[in-house]
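This report refers to the structure that appears directly beneath it.
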Amino acid sequence: MVDYFVAKESRLFIFDEQIRCHICSHDIFIPYEIYSNVEKPGIQVVVTHYAAICQQCGFVIEFSDPSRPDEETGIFRWALSQQFVHE
């Protein structure tokens, strides 16, 4: 599991479910972190979102990190994982 993505060709997973392109069903992406200031003007409250660019057709998938504590055990569950294509 990762707490941030590295911008390299990779397969991406959310709660162990692989992300696939909605257009071509390809599974190789380059992920990017996007930071949005939610208060204008404000105290620099920033929200992180992610964009993954399909390496087959260029389609962009946007998503956020659903990581959270498990309600039953209280243990934090990391949602995001990344598997590099070329290491």
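Below are the figures for this structure:
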item	result
Cβ-defined net charge surrounding residue 55, 15 Å radius [Lys, Arg +1; Asp, Glu -1]	+1
Least to most buried among 75, 34, 61 (fewest other Cβ within 10 Å first)	75, 34, 61
Options (1) 35, 28, 21; (2) 59, 37, 18; (3) 39, 38, 25 - which one matches Cα extents along the principal axes in Å as calculated here	(3)
Dipole magnitude of the chain about its Cα centre (Cβ charges: Lys, Arg +1; Asp, Glu -1), debye to nearest 20	280
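We did not get these values from a lab; they are worked out from the coordinates using the rules stated. Small disclaimer: the values here were computed from a predicted structure and weren't measured. Ideal geometry is used to build each Cβ from the backbone, glycine not excepted, and the neighbour counts take in all protein chains shown.
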